[in-house]
Every structure is written in structure tokens, then in C-alpha cells.
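Inspection log for the structure reproduced underneath, given as C-alpha cells.
None of the figures in this text is laboratory data; all of them are computed from the coordinates on show. Computed from a prediction, not measured in an experiment: that's the story for all the values here. Cβ: placed from backbone, ideal geometry, glycine included. Neighbour counts: every protein chain shown.
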Amino acid sequence: MPDISKVWLNNSNPYIGTIGNENEKIKLKINVSEQNKKNDQEYFVSGYSLVDNNYTKFEGKFTIIKYKDGKKDGAVYGDYELAEESKGKHSGIFSGKFIYHFKWNKKTEKIENHSIELTGDWRSYDGSLDFKTKLKNF
């Protein structure tokens, strides 16, 4: 698998989406992304989450499960788990599935257009809070 660690950085832009029943706005920003040297299907990431004024650092990983390659379009499917710093009731673990879609230009041999969706859950460390999450790169 080629190293796609830069993909998860999202050109230094945050992933934006919603969390919880009231669709509260959430941002996830990945600042560091490295391919696992022992398993090229796994990427270690770190960054921060932001909900309201609650800013929390996290570390975790993206694991590629499946890859589909078409003539013009491709898709990468996998799992993610991001563990926030333990800072009380409003810190926990994000986990779920990701889909990375992209269009490949054969002439330039570059990706022209791509999107990443993260769909899953956030669960507080003490187990008292459990919310659905949906994020996308823009």
C-alpha cells in the first residue's frame, strides 16, 4: 500500500460534522499522520477535537480494511479510533468507520478530487455519555 498519510491531514483543514442527538457542531483537526512501518495498512494520527469551547487533544489510528480501484474512481474503507486526553466527563473515545473516495487522473497521475467521511460514536471514559458522530472533510 502506498503511503497516504498526508490524506488524513486534510490540507491542514479540520473535519467538520455533528455529534449527539441535537447535532451539535464538532471539529476534528489532525496535525500529525504517520504510516505504521510494521503494518502499512495502519496510520497513527494525533490532533484535537473541538465542541463548543471544549478543546481536547487526541491520539489514535486509522486502519485500512478494504480498497476498491476503478478506472477513474477509487475508494478506501476502514476503521478509526481516536482516544482523547482524559480531562473529565467530556473526554472519551471516537470510534467508527471511514470512507475515502477519490478521482484519479491517469494523465497527471494525481488525485483530483477526494472526500473523507467519518461515521461512528463518541463514548465518554466514564460511560455516562454516548453520542453518534458524523464528520466530513471540506
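Values as computed for the structure displayed
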| item | result |
| --- | --- |
| Calculated volume of the Cα convex hull per residue in Å³ (choose from (i) 181; (ii) 135; (iii) 108), label | (iii) |
| Under Karplus coefficients 6.51, -1.76 and 1.60, residue-wise ³J(HN,Hα) of segment 67-84 in Hz, glycine/proline x | 9, 10, 10, x, 5, 10, 10, x, 8, 10, 10, x, 10, 9, 8, 10, 9, 7 |
| Nearby aspartates and glutamates by direct alpha-carbon distance to K106 (threshold 12 angstrom, same-chain neighbours under 8 apart not counted) | D73 |
| Those lysines that a straight Cα-Cα span of less than 23 Å connects to K103, excepting residues fewer than 8 apart in one chain | K6, K66, K68, K71, K72, K134, K136 |
| Estimated FRET transfer efficiency (K89, E59; beta-carbon r; R0 22 Å; 0.05) | 0.65 |
| Peptide ranges 61-73, 125-137 listed from the most packed, as the mean C-beta count within 10 angstrom indicates | 125-137, 61-73 |
